[in-house]
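Enquirer: I have a structure I would like to understand better, so I am pasting it below and will then ask my questions one at a time.
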Amino acid sequence: MKIEEILSQSIINALKTLYTADFDKSAVVFQKTNPDFEGDITLVVFPFLKASKKNPEQTAADIGNYLKSNCADVSNFNVVKGFLNLVIADSYWLNSFIAKETTSQEQKAEIMVEYCSPNTNKPIHLGHVRNILLGWSMAQILEANGHKVIKANLVNDRGIHICKSMLAWQKWGKGETPEKAGIKGDHWVGKYYVMFEQKLLGERSEILESEFAHVQDLNAAEKEEVFNLYSIAKNLDEKEEIKKNAWEKLNELARLHADLSKGVQEMLRKWEAGDEATIALWKKMNGWVYDGFAETFKCIGIRFDKTYYESQTYLLGKKAVEEGLAKNVFIKRPDGSVIIDLKQEKLDEKVLLRSDGTSVYITQDIGTAIERHKEFPNVKGFIYTVGNEQDYHFKVLFKTLKKLGYAWADNCYHLSYGMVELPEGKMKSREGTVVDADELIKEMIDTARETTQALGKIENFTSDEAENLYRMIGLAALKYFILKVDPKKKMLFNPKESIDFNGNTGPFIQYTYARIKSIIRKAETASEQNYSAAHINLDAKEKTLIKLLYHYPALLAQAAKEYNPSVIAAYTYDLATAYNSFYHDIHILKEENRNLKNFRIALSLKVAEQIKQAMQLLGIEVPERM
RNA sequence: GGUCCCGUAGCUCAGCUGGAUAGAGCAACUGCCUUCUAAGCAGUAGGUCGGGGGUUCGAAUCUUCCCGGGAUCACCA
């Protein structure tokens with residue numbers, strides 16, 4: 001039984017016996033004992049003063065004395081102000097360490113975790129990396145808590161963005177392929193996307209400079225507007241702000257009337273009409289991108305059970321909107337558009353269907369959620385790993401689903417995470433400040449290689465083993481760095497300084513694991529597995545480790561409940577730190593008492609297993625040697 | 001302007017269902033490798049927890065206002 005349960009029952013009895021007062025279990029709350037004092041768990045007695053009618057010190061002493069004589073697991077206590085610090089008997093901790101984990105976990109609800117969700121016009125970047133790591137880790141954490149998890153990816157494979165790459169390749173690609181160019185497919189398609197934007201920028205400048213002289217398709221009203229805007233924009237007496245505004249409008253007009261813009265719109269129209277050549281080109285380009293993505297995913301060490309494509313889902317949801325109309329959940333406006341009114345919920349009105357009957361983004365999301373639920377009837381919850389700039393969108397989505405009568409809407413969760421910022425500010429693709437995932441990972445691995453070689457600890461590794469180690473370490477550094485931060489907070493990533501291999505880092509934890517495994521290898525004989533707990537007096541550092549192991553299930557549950565992998569990261573760091581301190585101060589293999597030696601080996605092994613398991617929840621591998 | 005999130009050491013972050021003197025890592029400074037891997041351990045220094053009020057025996061934590069930063073408020077995705 002958990003020590004908290006044992007104690008709270010005893011304390012309720014104590015309060016009854018001592019003060020004839022009845023307290024509910026919920027009134028008895030424990031906290032960690034301040035490390036400056038002796039004790040394993042602490043009771044705050046302030047809530048009981050009214051019942052005891054004594055001062056805090058006396059009340060705490062009363063309860064402490066009662067527990068010491070009536071509760072076998074309490075071996076001692078001390079009182080500091082209103083805090084009753086309880087010392088729990090070594091026998092309890094040893095038993096908790098030896099006892100087999102109760103793996104009789106009931107099967108919990110099935111959950112779908114959607115994460116990654118890339119566009120097919122550019123490679124994976126640092127922002128996606130945070131998303132991917134969070135989504136993957138949450139899936140692992142939920143599985144460890146007894147849920148069945150379906151990992152899903154929703155690829156945005158259609159729309160104006162991919163048409164830009166397609167058009168650019170058609171115009172300037174000269175039949176080049178990723179193979180011929182020797183470039184990874186996703187980077188290669190991204191190259192054409194950037195090319196398109198640059199050419200468009202050039203065309204816009206040309207139009208602006210020539211004052212729309214070569215633009216053929218302006219009607220009379222537009223011509224007049226352009227003329228008027230130029231007279232404002234070039235009027236020296238006009239206010240700066242108004243001039244700026246005029247330039248912006250001209251810019252927008254120039255963009256709309258650029259041949260490239262019209263070309264890309266035409267291509268999108270053809271795609272939607274199912275034009276064969278366009279579809280073939282689209283498939284070819286996306287195929288290259290998927291090859292590139294697959295390589296990146298494999299390198300990061302993640303995968304999906306199910307991949308959805310927006311080209312197959314973007315028309316979904318219209319039926320649900322009609323159903324909503326029939327149920328009077330939605331409102332049809334005179335112009336034909338359909339909205340939902342969420343003013344009661346402190347949200348606003350939201351358009352669900354345009355006046356021309358076409359769908360908007362949220363229509364699709366409503367449709368896919370319902371489709372997925374039909375496809376996986378056992379799935380009771382959906383987790384959407386999406387950046388916090390879409391907080392509002394998901395509030396509206398979940399409310400809408402709820403209003404449509406879907407009970408599972410309550411189990412939908414937006415795993416919202418903050419942006420990854422660079423020292424110079426936000427990443428902007430237009431300014432070329434985006435940190436590319438493939439490059440970043442390569443740099444991490446290179447740094448791991450340099451550091452490891454400088455330390456010179458792997459002389460007997462084969463080159464394959466060494467490369468695998470560099471990969472493990474580099475990825476651990478990156479993954480841990482990102483996952484140790486609370487998801488909802490924005491985080492700063494400094495490519496030059498952020499990645500360290502010392503202190504609170506992935507490699508530090510890996511190192512702790514490797515050191516333990518080194519000891520285990522040296523101790524590897526059958527006789528060194530057995531010990532008798534009866535004759536062991538725990539050292540403080542041993543007790544710290546056992547207590548940390550004891551607390552793991554609670555933290556695992558907390559990480560799932562809060563959708564927060566950083567809880568696991570912090571725990572793993574605490575465990576590694578505690579082990580290193582133990583390792584430094586206490587002999588293991590050199591201990592002459594056989595019983596004690598074997599116990600310490602067993603304890604070390606258990607810590608190693610725990611580290612490995614916790615790191616696995618973060619998607620981080622641990623090496624046997626490093 | 002409305003809504004939401006954030007503001008803790010020089011830097012990056014913990015701590016937030018109220019609880020003891022606010023913790024780590026990095027950077028700086030000190031020690032510790034003839035001893036189980038020094039990617040380690042131990043220590044020094046560094047804080048008006050953005051600011052003011054309120055609730056409370058007790059506030060970094062709850063509440064309110066103010067200041068500062070960000071996101072969002074499309075018949076875009």
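Enquirer: For region A:47-101, list the helices (runs of 4 or more DSSP H) that sit wholly inside it and hold at least 1 residues that are farther than 30 Å from A:Gln610 by Cβ; which are they? Give the derivation first.
Expert: Working: elements: A:49-52, A:56-70, A:90-98.
It comes to A:49-52, A:56-70.
Enquirer: Next question, about the same structure. In region A:325-338, which residues are open to solvent by less than 90 Å² (accessible area, probe 1.4 Å), under 14 Å from A:Glu349 (Cβ atoms) and either within 16 Å of RNA strand B (Cβ to nearest atom) or at pLDDT 95 or above (or both)? Write out each step before concluding.
Expert: So in region A:325-338, the residues open to solvent by less than 90 Å² (accessible area, probe 1.4 Å) come out as A:325-326, A:329-331, A:333, A:336-338.
Checking the rest, the ones that are also under 14 Å from A:Glu349 (Cβ atoms) come to A:329-331, A:333, A:337-338.
Answer for region A:325-338, where residues must be open to solvent by less than 90 Å² (accessible area, probe 1.4 Å), under 14 Å from A:Glu349 (Cβ atoms) and either within 16 Å of RNA strand B (Cβ to nearest atom) or at pLDDT 95 or above (or both): A:Phe330, A:Ile331, A:Arg333, A:Ser337, A:Val338.
Enquirer: Out of the residues in region A:11-69 meeting the condition of being among the β-branched types (Val, Ile, Thr) and in contact with a Gly (Cβ under 7 Å, 6 or more places away or on another chain), tell me which one is farthest from A:Lys547 (Cα to Cα).
Expert: For region A:11-69, the residue satisfying everything is A:Val45.
Enquirer: Counting only residues that are of a type outside the set (A, V, I, L, M, F, W, C) and part of a helix (DSSP H, G or I), which one in region A:23-46 is surrounded by the fewest Cβ atoms within 10 Å (Cβ to Cβ)? Break it down into steps so the answer makes sense when it comes.
Expert: If we filter region A:23-46 for residues that are of a type outside the set (A, V, I, L, M, F, W, C), which is where we start, we get A:24-26, A:31-36, A:38-40, A:42.
Of the ones still in play, those that are also part of a helix (DSSP H, G or I) are A:25-26.
Working: A:Lys25: 12, A:Ser26: 7.
Residue satisfying both the conditions and the ranking: A:Ser26.
Enquirer: If a residue has to be aliphatic (A, V, I, L, M) and more than 7 Å from RNA strand B (Cβ to nearest atom) to count, how many in region A:482-496 make the cut? It would help to see each step written out before you state the result.
Expert: Here is the first cut: in region A:482-496, the ones aliphatic (A, V, I, L, M) are A:482-483, A:485, A:491-492.
From what is left, the residues that are more than 7 Å from RNA strand B (Cβ to nearest atom) are A:482-483.
The qualifying residues number 2.
Enquirer: Looking at A:Ile473, A:Ile458, can you tell me which residue is more than 30 Å from A:Glu389 (Cα to Cα), modelled with pLDDT under 95 and either open to solvent by less than 80 Å² (accessible area, probe 1.4 Å) or among the β-branched types (Val, Ile, Thr) (or both)? Full working, then the answer.
Expert: On the way: A:Ile473 fails: modelled with pLDDT under 95.
Selected residue: A:Ile458, the only one of A:Ile473, A:Ile458 that is more than 30 Å from A:Glu389 (Cα to Cα), modelled with pLDDT under 95 and either open to solvent by less than 80 Å² (accessible area, probe 1.4 Å) or among the β-branched types (Val, Ile, Thr) (or both).
Enquirer: Report the residue count in region A:497-519 for those that are aromatic (Phe, Trp, Tyr), more than 8 Å from RNA strand B (Cβ to nearest atom) and in a loop (DSSP other than H, G, I, E, B). Steps first, answer last, please.
Expert: Step one: filter region A:497-519 for residues aromatic (Phe, Trp, Tyr), giving A:501, A:508, A:511, A:513.
Going one step further and asking which of them are more than 8 Å from RNA strand B (Cβ to nearest atom), we end up with A:513.
Then keep just the ones that are in a loop (DSSP other than H, G, I, E, B); that gives none.
Of the residues in that region, 0 qualify.
Condition check ((1) at positive phi; (2) more than 17 Å from the chain's Cα centre (by Cα); (3) within 11 Å of RNA strand B (Cβ to nearest atom); (4) outside the structural domain of A:Thr512 (by TED's automatic domain parsing)) across all residues:
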| site | (1), (2), (3), (4) |
| --- | --- |
| A:Ala560 | no, no, no, no |
| A:Asn580 | no, yes, yes, no |
| A:Ile586 | no, yes, yes, no |
| A:Asn598 | no, yes, no, no |
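Enquirer: Among (1) open to solvent by 80 Å² or more (accessible area, probe 1.4 Å); (2) within 11 Å of RNA strand B (Cβ to nearest atom), where does A:Lys54 come up short?
Expert: Of everything listed in (1) open to solvent by 80 Å² or more (accessible area, probe 1.4 Å); (2) within 11 Å of RNA strand B (Cβ to nearest atom), A:Lys54 misses just condition (2).
Enquirer: Let me ask you something else. How many residues does region A:344-379 contain that are open to solvent by less than 60 Å² (accessible area, probe 1.4 Å), farther than 18 Å from A:Leu325 by Cα and either near RNA strand B (Cβ under 9 Å from one of its atoms) or part of a loop (DSSP other than H, G, I, E, B) (or both)?
Expert: Residues meeting the conditions: 2.
Enquirer: Does A:Ser117 meet the test of being hydroxyl-bearing (Ser, Thr, Tyr), touching a helix residue (DSSP H, G or I) at 6+ places or on another chain (Cβ under 9 Å) and within 15 Å of RNA strand B (Cβ to nearest atom)? First the steps, then the outcome.
Expert: Numbers: hydroxyl-bearing (Ser, Thr, Tyr): yes; touching a helix residue (DSSP H, G or I) at 6+ places or on another chain (Cβ under 9 Å): yes; within 15 Å of RNA strand B (Cβ to nearest atom): yes.
Taking the combined requirement at face value, the residue satisfies it.
Enquirer: Out of curiosity, is A:Lys442 at pLDDT 90 or above, within 18 Å of A:Leu134 (Cα to Cα) and open to solvent by 40 Å² or more (accessible area, probe 1.4 Å)? Before the answer, list the steps.
Expert: On the way: at pLDDT 90 or above: yes; within 18 Å of A:Leu134 (Cα to Cα): no; open to solvent by 40 Å² or more (accessible area, probe 1.4 Å): yes.
No.
Enquirer: Give the residue that is nearest to RNA strand B (Cβ to nearest atom), with candidates limited to residues of region A:393-425 that are open to solvent by 50 Å² or more (accessible area, probe 1.4 Å) and farther than 22 Å from A:Thr363 by Cβ.
Expert: The qualifying residue nearest to RNA strand B (Cβ to nearest atom) is A:Met419.
Enquirer: Which of the residues that make up region A:107-144 are assigned to a loop (DSSP other than H, G, I, E, B) and open to solvent by 10 Å² or more (accessible area, probe 1.4 Å)? Give the derivation first.
Expert: Within region A:107-144, the subset assigned to a loop (DSSP other than H, G, I, E, B) is A:107, A:115-118, A:120-124.
The answer is A:Gln107, A:Ser117, A:Lys122, A:Pro123.
Enquirer: Within region A:443-481, track down each residue that is more than 10 Å from RNA strand B (Cβ to nearest atom) and within 24 Å of the chain's Cα centre (by Cα).
Expert: If the condition is that a residue be more than 10 Å from RNA strand B (Cβ to nearest atom) and within 24 Å of the chain's Cα centre (by Cα), then A:Glu443, A:Met444, A:Ile445, A:Arg471, A:Leu475, A:Leu478, A:Lys479, A:Tyr480 are the ones that fit.
Enquirer: Related question: Conditions: (1) farther than 17 Å from A:Arg130 by Cβ; (2) at pLDDT below 95. A:Glu421 meets all but one. Number of the miss?
Expert: (1) is the only condition that A:Glu421 fails.
The values are calculated or read from the model by the stated rules, or taken from the named source; none is laboratory data. These numbers were taken from a predicted model, which means no experiment stands behind them. Cβ coordinates were reconstructed from backbone atoms using ideal geometry, including for glycine residues, and neighbour counts include every protein chain displayed. For accessibility, only protein heavy atoms count, side chains too; no ligands or nucleic acids. Shrake-Rupley method; radii C 1.70, N 1.55, O 1.52, S 1.80 Å.
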